[in-house]
Amino acid sequence: QVQLVESGGGLVQPGGSLRLSCAASGSIFKIYTMGWYRQAPGKQRELVASISSGGSTNYTDSVSGRFTISRDNAKNTWYLQMNSLKPADTAAYYCNSRLVPYMTMRIGDYWGRGTQVTVSS
């Protein structure tokens, strides 16, 4: 069974930094994309950043230049380095991956349970 587990959330002051990690475990044949989404209270979940198997990255405009997504293929782990954090970045952050488990050999979307990021003075 495939599981995605996030870590690294917390409370930080405006202008501060946090690094989120997501580790995928289980019997995985191949991971295609890895990404981070966030959802603030009363708002829809939005894509923050994604990275393809080839290393191509994509960011939502509001975090471009402040956040960096990276991946360690050997560890099936990916990261979101968040700098210059703003109160508007406060949300629950979820990791996501499009991957193929050995059990099904079918591509599917998998999600972590989320980690809270709060930016406040």
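The values are calculated or read from the model by the stated rules, or taken from the named source; none is laboratory data. The shown structure was predicted, so the numbers you read here are calculated from the model rather than taken from an experiment. Here the Cβ positions follow ideal geometry from the backbone for every residue, glycine too, while neighbour counts run over all protein chains shown. To get the accessible areas, we keep the full protein, side chains included, count just its heavy atoms, and leave off ligands, DNA and RNA. Shrake-Rupley method; radii C 1.70, N 1.55, O 1.52, S 1.80 Å.
Structure data summary
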| quantity | calculated |
| --- | --- |
| Top of T60, T104, T77 by mean-square fluctuation, Gaussian network on the chain, Cα under 10 Å | T104 |
| For the range 95-115 versus the range 5-47, the gap between their alpha-carbon centres in whole angstrom | 14 Å |
| Choice from N83, N58, N73 with maximal GNM fluctuation in the chain (Cα, 10 Å cutoff) | N73 |
| Reachable aspartates and glutamates from K30, criterion Cα separation under 15 angstrom, eight or more residues apart if same chain | D72, D109 |
| Normalised contact order of the range 9-60, rounded percent, pairs of Cα under 8 Å and 6 or more residues apart | 23 percent |
| Sulfur and carbon atoms: percent of accessible area, the range 1-110 [1.4 Å] | 47 percent |
| Extension gain (nm, one decimal) between K43 and Q116, 0.36 nm per residue minus Cα-Cα | 24.8 nm |
| Cβ-derived FRET efficiency at R0 25 Å, R66 paired with R106, nearest 0.05 | 0.10 |
| Inter-label distance for S27 and Q13, nm, one decimal - labels placed 7 Å from Cα along Cα-to-Cβ | 5.0 nm |
| Surface accessible to a 1.4 Å probe, M105 within the full protein complex, Å² | 100 Å² |
| Within a Gaussian network of the chain (alpha carbon springs, distance under 10 Å), most fluctuating of S97, S50, S27 | S27 |
| Gain in span if fully extended, V5 to N83, counting 0.36 nm per residue against the direct Cα distance | 25.9 nm |
